[in-house]
Amino acid sequence: MSGAEFNPKILNPNDYTPVGDIMVLALCIVMSVVLFINRMRKGSSYRIMAAMIITIYFASVTSILYRMAMFADVIDPLFVYVTRIANHTFLSFLQVTNVLYLREPLWMKTDGYKRFIAVITVIAAAPIIIDIIGIVFRFGFYIDGSVIHSDFTIYPISYSAFELIMFYLIIRYRNRIIKQVFFCLIAVNALSLILTAVQGMFNQASFTTFVHIIPAVGLLFLFHGNPYDAETGAVSASLYFNELKDCLERKIPLVMIRCCISDFNNQMRHKPELRLAFNRFFKQSVKRGVLYRASDGKLLLTVRKSKKGNFDRVVSNMLDNFYLEYDEIGIDYKLIVSEIVPEITDPSDYVRFFDLIESDMKSNETHWVTDDDVKRFISTRYILTELEDITKKRDLEDERVLVYCQPVFNIVSGSYDTAEALMRLKLPDVGLVFPDKFIPIAEKYGLIHQLSLTILNKTCGVIRELIAEGYMLNRISVNFSTLDLKYENFSEEVQDIIIRNDIPFDKIAIEMTESRSDTEFNRLKTQVTELQGLGIKFYLDDFGTGYSNFERIMEIPFDIIKFDRSLLLESVKNDSSKYMVSTFASMFNDLNYSVLFEGVEDERDEEHCRGMFAKYLQGYKYSKPVPISELRKFFRKEA
């Protein structure tokens, strides 16, 4: 080269080859494709990652141009300065975006965030500003005639500062990310530092841009990796909320088809014909939709409606193709078809909405969402919101929780001396809500326990009043769910409420249904034994419905067995049925269990139960459920 003088101690012509930057440009294409096919919502993280990729591209291009200008036969100082400053600017900006990206996954607080941005901006700008000043005042890097001077640069110091910031943030907020992500973030940044050191040892600058993009590549594949399931081509269900939120905000019409195939995950693994049929259907029918797959095997297809064409016909054809495949495979399914509903604006509510509809569907049924479905869901959502608030406040005197009671007739004494406490809700917007509306919701979302404790507390309070007023009562039973048993301090909570209300333990009974799992059974056995020792009676509720294991019933010392009305109805069908039910009751009677028949509605029912070893009778013949304060009409006062 004849146009410039090189000081080999200052600049080594062999310290750079464009191979590294060309590799980075190729990698930019790969990163762009990964980001493009990703189904994440185009929020701040997406925009920062896109900015990273663009910055990497320009950093590589300016690096190549800068080195070409340095080694040109005739050096153009202005072009060298511009490409050098541009390259360092892009590399510094890349460091800034690396740090900014961590804000969301690390849940960094907004307090002092502007101050933090100002600090990293100064660190990024410092080497660029000093470079420009050096060019003007002839120190650091500058060109004097045909001689290139490079006395020092503070860019490595800035780079090291950013790496320290990255390590600091990752380590400080490590409890906010899963362990695998933490170690991956540490590893990619450590690798970047190690490669920088290795490059310096060999007096090379070929891989400077490559070293800088390693953290960005790590972030891309950690948080924007392949969202597609290799088995079905479906996208992770977590990304469904991003699309739905985007459509809601931009008011884009969206059709959703939710499909629940019985035991889908297992069937896909073990039935090749199902996988072939699924792939065939997807290729033929799904031209421009996105398929999402949840962990429980449920599938959700979303298709954005276009203004062109008959979209309803498209959906109908899609469903027709599905039915044809079903006829060949024969696996049970449930299909729900819905558009975005104006009344439902929270993306997470759509999963609950579909779950609610699906719970009432039969197998191999397709349901098109109606206005009634929406109204029912809004009512359910309101109840759920109130239940969440009741649980959050933990107020055992919450006015929204009401206690009703159904008196129980004692055949032996010929009087009412016990009752069953029943739960009702009184909510501001809808008034009185019955158990069949809110108990399933409370159990499904883990909100039943606070309701159970509140009913117990209010029942204890009324028992205290009745005793003080001289009424004769043996006990009032309170229903508890098997879900209540999962709380390790269940027994202590029950005892504490009874003691706080200053009533004898034997004035309370607990009703529970039979446990199906071994874990529930062992918990129930432990809790029953402990509380029975204090004098609390235990009822086995709903005997005769669905599931009964006599071995387990014998192991748990229940005091009273409540025969469900279904057994009473069965017993009047014929002599064989009566004999079977009567034999059950006789067996329990012989084993010193008291038998209570529920659902007694008339004299005929009563006489029938009297002939089957009943000690207690409960039902509409005696009273419908009434507010607990009205028990005074049924209990007698002491003489």
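Distance between Cα centroids, the stretch 596-639 to the stretch 86-146: provide it in whole Å. When both Cα centres are located, 82 Å separates them.
The alpha carbons of the stretch 539-622 occupy a box of 35, 27, 24 Å along the principal axes, longest dimension given first.
Rounded to the nearest 20, the size of the Cβ-charge dipole of the stretch 287-444 about its Cα centre is 780 debye, with Lys and Arg at +1 and Asp and Glu at -1. Note on the stretch 371-508: the alpha carbon radius of gyration divided by the globular reference 2.2 N^0.38 Å gives 1.14. Accessible surface of the chain, 1.4 Å probe: 57 percent of it comes from carbon and sulfur atoms. Cα gyration tensor of the stretch 492-639, axes a ≥ b ≥ c as square roots of the eigenvalues: rounded (a/c below 1.5), prolate (a/b > b/c) or oblate? In terms of gyration-tensor shape, oblate.
Ordering F438, L396, L425 by Cα displacement along the dipole of the stretch 389-442 toward the positive end leaves F438 in first place; charges were set at the Cβ atoms of Lys, Arg (+1) and Asp, Glu (-1). With the alpha-carbon atoms of the stretch 344-430 aligned to their principal axes, the span from lowest to highest coordinate is 56, 37, 18 Å, starting with the largest. Assuming charge only on the beta carbon of Lys and Arg (+1) and of Asp and Glu (-1), the dipole of the chain about its Cα centre is about 1960 debye to the nearest 20. Convex hull volume per residue, computed on the Cα atoms of the chain, equals 234 Å³.
Which whole-number percent gives the relative contact order of the stretch 480-610, counting Cα pairs below 8 Å spaced six or more residues apart?
20 percent
Projecting label points 7 angstrom from Cα along Cα→Cβ for K271 and A237 puts them 1.9 nm apart. Where a ≥ b ≥ c are the square roots of the eigenvalues of the C-alpha gyration tensor, would you call the stretch 12-171 rounded, which needs a/c under 1.5, or, failing that, prolate if a/b is larger than b/c, or oblate? Oblate is the answer for the stretch 12-171, as a/c is 1.5 or above yet b/c matches or exceeds a/b.
Taking all Cα pairs closer than 8 Å and separated by 6 or more residues, the relative contact order of the chain comes to 9 percent. Here the Karplus curve 6.51 cos²θ - 1.76 cosθ + 1.60, taken at θ = phi - 60°, turns the phi angles of the stretch 347-364 into couplings of x, 5, 5, 5, 5, 5, 4, 5, 4, 4, 5, 4, 4, 9, 8, 8, 5, 6 Hz, with x standing for Gly and Pro.
The protection proxy used here, the mean number of other Cβ atoms lying within 10 Å of each residue, ranks peptides 526-533, 339-346 as follows, highest first: 526-533, 339-346.
L432 sits among other residues whose Cβ lies under 14 Å from its own Cβ, and their net charge, with Lys and Arg +1 and Asp and Glu -1, is +1.
Shape class for the stretch 559-608, computed from the alpha carbon gyration tensor (a ≥ b ≥ c): oblate, with a/c not under 1.5 and a/b at or below b/c.
Computed over the chain, the per-residue total of -39500 (n - 2.57) for DSSP H runs of n ≥ 4 gives a 222 nm mean residue ellipticity of -17500 deg cm²/dmol, rounded to 500. Simple rule: put +1 on each Lys or Arg Cβ and -1 on each Asp or Glu Cβ in the stretch 84-233, find the dipole, and look at A205, Y113, A216; the Cα lying farthest toward the positive end is Y113. Scaling against 2.2 N^0.38 Å puts the C-alpha radius of gyration of the stretch 119-169 at 1.36. Packing, as the average of other Cβ atoms within 10 Å across residues, places the peptides 395-402, 493-500 in the order 493-500, 395-402, highest first.
Between the residues A72, L100, I130, the greatest Cα displacement towards the positive end of the dipole of the stretch 52-173, with unit charges on the Cβ of Lys, Arg, Asp and Glu, is found for L100.
Probing with 1.4 Å while keeping every protein chain in the model, the per residue accessible area of the stretch 31-174 equals 49 Å². Pairs to check: K507/K578; K444/K624; K507/K562. Give those whose C-alpha atoms are more than 26 Å from each other in this structure. Distance filter (> 26 Å) returns K507/K578; K444/K624. The convex hull around the C-alpha trace of the stretch 313-370, projected and averaged over every direction, spans 4.7 square nanometres.
The values are calculated or read from the model by the stated rules, or taken from the named source; none is laboratory data. Here the structure is a predicted model, which is why all the values come from computation and not from measurement. Cβ sites come from the backbone with ideal geometry, for glycine too, and all protein chains shown count toward neighbours. Protein only, heavy atoms only, side chains kept; ligands, DNA and RNA dropped before computing areas. Shrake-Rupley method; radii C 1.70, N 1.55, O 1.52, S 1.80 Å.
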